[in-house]
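Quick notes on the structure that follows.
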Amino acid sequence: MQRIEINPMTRLEGHGKITIFLDDKGNVDNAFLQVVEFMGYEKFLIGMPIEEVPRTVSTVCGVCRAVHFMASMKATDEVYGVKPTETARKLRELFYYAHYVEDHMEIIYALGLPDFVCGPTASPAERNLVGLILKVGVDVGRDVLKKRFAAVRIFEILGGRPSHPVAAIPGGWSKRLKEEERQEILRYADECVELGKFTLKAFKDLVLSNPQYVELIKGDVYKVVTNYLGTVDEAGKVTYYDGTQVFVDTKGNEIGRFSGKEYLEWIAERTLPWSYQKAPYIKKLGWKGIEDGEGTSLYSVGPLARFNVGNGFDTPGAQEAYEEMVEFFGGKPVHNILGYHWARAIELLHCAEKVKELASDESITAPDVRQELGEAVGEGVGIVEAARGTLIHHYKTDSKGIVTDANIIVATTHNKGPMNIAIKRAAENFIKEGKVDEGILNLVEIAYRPYDLCFACSTHTLPGKLPVQVNIYTKDGELVKSLRNFK
Amino acid sequence: MGHAVCEVCARNPVLRGEKKKPVEEVRRVIEGGVEEEACLLEAGYLCLGPVTQGDCGASCLKVNVPCRGCGGPIPGVRDYGLRAISAVASALEDEGLVDRIEDPVRLFYRYSLPGSMIGKRLGK
């Protein structure tokens, strides 16, 4: 049996590898997406005062730092049995929307678009962010980066730092916004909206105008039929900071909804012997293996899942783009995973429009950003929609608010099963009779990039046993022996 | 480079020509309201600004949050946590306040425990 390894995987956050096994005829027998890094936050948070947790877990990742910060902050609210003050909630949302703008921008331009703009089988030396900028023009690239800076600056004003934010307070926000800062944010908001509009236009001009790409987007190679999980507001619209978590099935019908601790009734995780990352499934449907199609218990999260779960967006530009995408695919749910990129671009505009809306609200500078806290009630669950999907932080504390237990389920973990199916399907389609080259392997890698996977986030805990592989090489790089404690 | 967070922090009373006051109580960031311009360490919020590199421009302090040492030690410090403990202990007015410090390892060594002398054997 021949074995092909894509290692390291590229244009993702974190480290991973894909292993493809070929049968005797050189066709794909099986394929695995393996996560090869390990962190361990859930262990070392134990013993920490809960109010120190948000700024600490924000360091799980350098890209999606605001999402862990936000989910754990919401959990601290519950630990102290409080809801954020009205102004604190507005500040949190404004901060979060700004984060979405800069995060989605990065994923679209640096990780997703190079495959289309530079060509899916182009040399890796060209198929990257620099290659993208050279294709679209240096001035355009500079302008897009400048507009992303606007979102990062809003993030910094509110969160304290452009990197890992620190302004979390249970039931509040550590800083009151000054009027001059609101005015500054308002100016940046216009740039964010322009970035959102430009990105959608770029997606249409560079991707949707190409019939070959449209065939890939609409075809069956990059299609994974699963259930979906997303968060909606009271009107059923897509939302991120707060709302109700809803599951829909492969036909788009609602399976059920939950909030807070109820996630335990809905989500179970399966430890896989070949990866540090666990595979979640819908508990009420039971484990049915890593298989897609009608009746599967796997579910997907992220922009396309939110698109499938929600009934639209609450801002005009995003709603218009949403309707256009529904029409393109001829209805919902959309299982074509390249649609993730498009849905992400719609969300970028949506969040930019929300930044503008919140920054226009003069009452956001009101002083009620903190409140008195009593004794800790001892348990809290914070759920947000991270840029790459539903994120759950669950903590238990003693009466002084010292963490005694922590559980984190991140977006990339939810997508473990679907991603594995996606890469296997692409490998089966493109690798025939043992013929493999760099271009073909990238066509396999294209299958995971829509999910915007972040392995740094998803490898936060130990499975039952730590899988270890030791490779022994000669000084010339020849593999002598490989030892491992897993099958 | 080489300046501590306190040296670039607008809250530092010394930079305003005032004397530093001893720390009379130890507070968690969830306790009480943080004043906009006061030194957080003086107010009892254990801030590690005195021993941390201040290239950040005291950014956490600008949003009323104490420093936790992510910038690493100021020059000449071999063990960040030990120096932080020393700095805070010197600022406390009463020895008994030490018992009020929650989770000291994750406070003083949040970013530096693997590099600390703790747990290492002394050379022969």
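Considering each of B:C9, B:C70, B:C56 in turn, give the residue that is of a type in the set (A, V, I, L, M, F, W, C), touching a residue at least 40 places away in the same chain (Cβ under 8 Å) and in contact with a Phe, Trp or Tyr (Cβ under 6 Å, 6 or more places away or on another chain).
Numbers: B:C9 fails: in contact with a Phe, Trp or Tyr (Cβ under 6 Å, 6 or more places away or on another chain); B:C56 fails: in contact with a Phe, Trp or Tyr (Cβ under 6 Å, 6 or more places away or on another chain).
When all the criteria are applied, what remains is B:C70.
Per-residue answers, yes or no, for (1) in contact (Cβ under 8 Å) with a residue 12 or more places away in the chain; (2) of a type in the set (G, A, S); (3) assigned to a helix (DSSP H, G or I):
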| residue | (1), (2), (3) |
| --- | --- |
| A:A352 | yes, yes, yes |
| A:Q371 | yes, no, no |
| A:G380 | yes, yes, no |
| A:E385 | yes, no, no |
| A:H393 | yes, no, no |
| A:T413 | yes, no, yes |
| A:G417 | yes, yes, yes |
| A:I421 | yes, no, yes |
| A:K424 | yes, no, yes |
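Scanning the stretch A:328-348 for residues that are among the small types (G, A, S) and under 15 Å from the mean Cα position of the chain (by Cα) returns A:G339, A:A343, A:A345.
Can you tell me which residue in the stretch A:62-76 is nearest to A:P165 (Cα to Cα), limited to those that are open to solvent by 10 Å² or more (accessible area, probe 1.4 Å) and either in contact with a strand residue (DSSP E or B) (Cβ under 7 Å, 6 or more places away or on another chain) or among the polar types (S, T, N, Q) (or both)? It comes out as A:V63.
Within the stretch B:35-46, the residues that satisfy the criterion of being within 12 Å of chain A (Cβ to nearest Cβ), part of a loop (DSSP other than H, G, I, E, B) and closer than 22 Å to B:Y111 by Cβ are B:L40, B:L46.
Candidates in the stretch B:22-51 are the residues that are of a type in the set (D, E, K, R) and under 15 Å from the mean Cα position of the chain (by Cα); of these, the one that is nearest to A:E52 (Cα to Cα) is B:R28.
Just to be sure, is B:A89 in contact (Cβ under 8 Å) with a residue 40 or more places away in the chain and more than 14 Å from chain A (Cβ to nearest Cβ)? Judged against the criteria, B:A89 is not a match. One residue alone among A:I337, A:I346 is within 20 Å of A:A235 (Cα to Cα) and open to solvent by less than 10 Å² (accessible area, probe 1.4 Å), and that residue is A:I346. When A:S174 is tested against the conditions (1) open to solvent by less than 60 Å² (accessible area, probe 1.4 Å); (2) polar (S, T, N, Q); (3) farther than 30 Å from A:V381 by Cα, the lone failure is (3). In this structure, A:R153 qualifies as open to solvent by 30 Å² or more (accessible area, probe 1.4 Å), within 14 Å of chain B (Cβ to nearest Cβ) and among the basic types (K, R). Scanning the stretch B:92-105 for residues that are open to solvent by less than 70 Å² (accessible area, probe 1.4 Å) and either within 14 Å of chain A (Cβ to nearest Cβ) or not in a strand (DSSP E or B) (or both) yields B:G96, B:L97, B:I101, B:E102, B:D103, B:P104.
For B:V5, are the conditions met, namely being crowded, with 22+ Cβ neighbours inside 10 Å and either more than 14 Å from chain A (Cβ to nearest Cβ) or touching a Gly at 6+ places or on another chain (Cβ under 7 Å) (or both)? Explain how you work it out, then say what you get.
Working: crowded, with 22+ Cβ neighbours inside 10 Å: yes; either more than 14 Å from chain A (Cβ to nearest Cβ) or touching a Gly at 6+ places or on another chain (Cβ under 7 Å) (or both): yes.
In short, yes.
Of all residues in the stretch A:56-83 being within 22 Å of A:V101 (Cβ to Cβ) and of a type outside the set (A, V, I, L, M, F, W, C), which is nearest to the other protein chains (Cβ to nearest Cβ)?
To start, the set of residues in the stretch A:56-83 that are within 22 Å of A:V101 (Cβ to Cβ) comprises A:57-74.
Filter once more, so that each one left must be of a type outside the set (A, V, I, L, M, F, W, C): A:58-59, A:62, A:65, A:68, A:72, A:74.
Numbers: A:S58: 11, A:T59: 8, A:G62: 12, A:R65: 12, A:H68: 15, A:S72: 14, A:K74: 15 Å.
Top of the filtered list is A:T59.
Candidates B:G69, B:G32: the one that is within 11 Å of chain A (Cβ to nearest Cβ), in a loop (DSSP other than H, G, I, E, B) and surrounded by 14 or more Cβ atoms within 10 Å (Cβ to Cβ) is B:G32.
Pick out the one residue from A:E184, A:E179, A:E126 that is free of Cβ contacts under 8 Å to residues at least 60 places away in the same chain and open to solvent by 50 Å² or more (accessible area, probe 1.4 Å). Outline the logic, then answer.
Numbers: A:E184 fails: open to solvent by 50 Å² or more (accessible area, probe 1.4 Å); A:E179 fails: free of Cβ contacts under 8 Å to residues at least 60 places away in the same chain.
Going through A:E184, A:E179, A:E126 in turn, just one is free of Cβ contacts under 8 Å to residues at least 60 places away in the same chain and open to solvent by 50 Å² or more (accessible area, probe 1.4 Å): A:E126.
Considering only residues in the stretch B:47-64 that are more than 11 Å from chain A (Cβ to nearest Cβ), of a type outside the set (A, V, I, L, M) and not in a loop (DSSP other than H, G, I, E, B), the one that is nearest to A:P170 (Cα to Cα) turns out to be B:G49.
Among the strands (runs of 3 or more DSSP E) confined to the stretch A:243-311, the ones with at least 2 residues that are of a type outside the set (D, E) and open to solvent by 10 Å² or more (accessible area, probe 1.4 Å) are located at A:254-258, A:267-270. Among the residues making up the stretch B:1-28, those that are part of a loop (DSSP other than H, G, I, E, B), farther than 25 Å from B:D79 by Cβ and not basic (K, R) are B:A10, B:G17, B:E18, B:E24, B:E25.
Here is a check on your reading of the model: is A:V238 open to solvent by 30 Å² or more (accessible area, probe 1.4 Å), modelled with pLDDT of 95 or more and of a type in the set (V, I, T)? Spell out the reasoning first.
Numbers: open to solvent by 30 Å² or more (accessible area, probe 1.4 Å): no; modelled with pLDDT of 95 or more: yes; of a type in the set (V, I, T): yes.
Answer is no for this residue.
The values are calculated or read from the model by the stated rules, or taken from the named source; none is laboratory data. All values derive from a computational prediction rather than experimental measurement. All Cβ positions, glycine included, derive from the backbone under ideal geometry; neighbour counts span all protein chains shown. With ligands, DNA and RNA removed, areas are computed over all heavy atoms of the protein, side chains included. Shrake-Rupley method; radii C 1.70, N 1.55, O 1.52, S 1.80 Å.
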